[in-house]
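Structure first, then comments.
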Amino acid sequence: MPIIAPSMLSADFLNLSAEIDMINTSEADWFHLDVMDGRFVPNITFGMPIIAAMKKRALKPFDVHLMIVEPEKYFEEFAKAGADYLTVHYEVSPHLHRNLQVIRSLGMKAGVALNPATRVNVLTDVINDIDLVCMMSVNPGFGGQKFIDQTIYKIRELKQIINNCGAHTLIEVDGGVTLQNAHTIIKNGADVLVAGNTVFSSPDPKVTISNLKQVGK
């Protein structure tokens, strides 16, 4: 079954404790946390203090997705805040191999995110150093966008690279994931589904999470 990582970007921040408790008691596997700086993407979200506060109540791993420039300046602080997976964007990481090494040395799993226009083959030479590839299936910066269909072909290509290199990298799909397209995403090679609007806008988020979890059966 897929790993389900509800995106807290879509949560009700006036009732954040209740939203965390809901995830804790659901069939979700991770919390997905989008950190945006208003520079790499045109939106600003939250940073280390909010993540550290959430960590005190959360019972499941934190999948922290950095949509920021110069992410390497903050690796140690995100480790201290409670990140279990820390993902940086390929597009802002000219020294990607070094970044991956540092993230792992701080006790976190290392992730790389790819924008929709970035080819997956750019990761071939470092795929064995990557624990998670976050495949952006929308343009990063905002929740509630429509899934970009071309992503399916990118998932297949990335899966082939992972298999050819004997890597154990997880493929995560982030953006526009719904109950309608989740099966196709998983069938083509994805391991992790990030779902924000689909979960938090549903009448019963825990049931929606359970339905997503069953997709891979």
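The values are calculated or read from the model by the stated rules, or taken from the named source; none is laboratory data. Because the structure is a prediction, the values reported are computed rather than measured. Every residue, glycine as well, gets a Cβ built from its backbone with ideal geometry; the counts of neighbours run over all protein chains shown. For accessibility, only protein heavy atoms count, side chains too; no ligands or nucleic acids. Shrake-Rupley method; radii C 1.70, N 1.55, O 1.52, S 1.80 Å.
Points to keep in mind about this one:
- The chain, helix-only ellipticity at 222 nm - DSSP H runs n ≥ 4, -39,500 (n - 2.57), divided by all residues, nearest 500: -8500 deg cm²/dmol
- Residue-span extension gain [Phe13 to Asn164] - 0.36 nm each, minus C-alpha spacing: 50.1 nm
- 22 Å Cα-Cα threshold exceeded, pairs from Lys159/Lys187; Lys80/Lys109; Lys60/Lys154; Lys55/Lys80; Lys154/Lys206: Lys60/Lys154; Lys154/Lys206
- Rolling a 1.4 angstrom probe over the range 35-89 with all protein chains present gives an accessible area of which 53% lies on carbon and sulfur atoms.
- Nearest-0.05 FRET efficiency for Val122 and His183, computed from C-beta distance (R0 25 Å): 0.35
- Net charge contributed by nearby residues that have their C-beta within less than 14 Å of Ile162 (K/R +1, D/E -1): -3
- DSSP assigns beta bridges within the chain; of those with both partners inside it, close to 5 percent run antiparallel.
- Computed over the range 11-57, relative contact order equals 32 percent, with contacts defined as Cα pairs under 8 Å that lie 6+ residues apart.
- At a probe radius of 1.4 angstrom, the accessible area of the range 37-176 per residue rounds to 47 square angstrom.
- Ligands, DNA and RNA aside, Thr184 has an accessible area near 60 Å² when probed at 1.4 Å.
- Most mobile listed residue (Leu66, Leu158, Leu106) in the chain, GNM with C-alpha springs under 10 Å: Leu106
- Accessible-area ranking of Phe200, Phe78, largest first, probe 1.4 Å: Phe200, Phe78
- Net charge of neighbours whose Cβ lies under 14 Å from the Cβ of Phe200, counting Lys and Arg as +1 and Asp and Glu as -1: -4
- The local environment of His65, defined by Cβ-Cβ distances under 10 Å, has a net charge of -4 under the rule Lys, Arg +1 and Asp, Glu -1.
- One chain, two ends: Phe142 and Arg39. Fully extended at 0.36 nm per residue, the span grows by 35.7 nm beyond their Cα-Cα distance.
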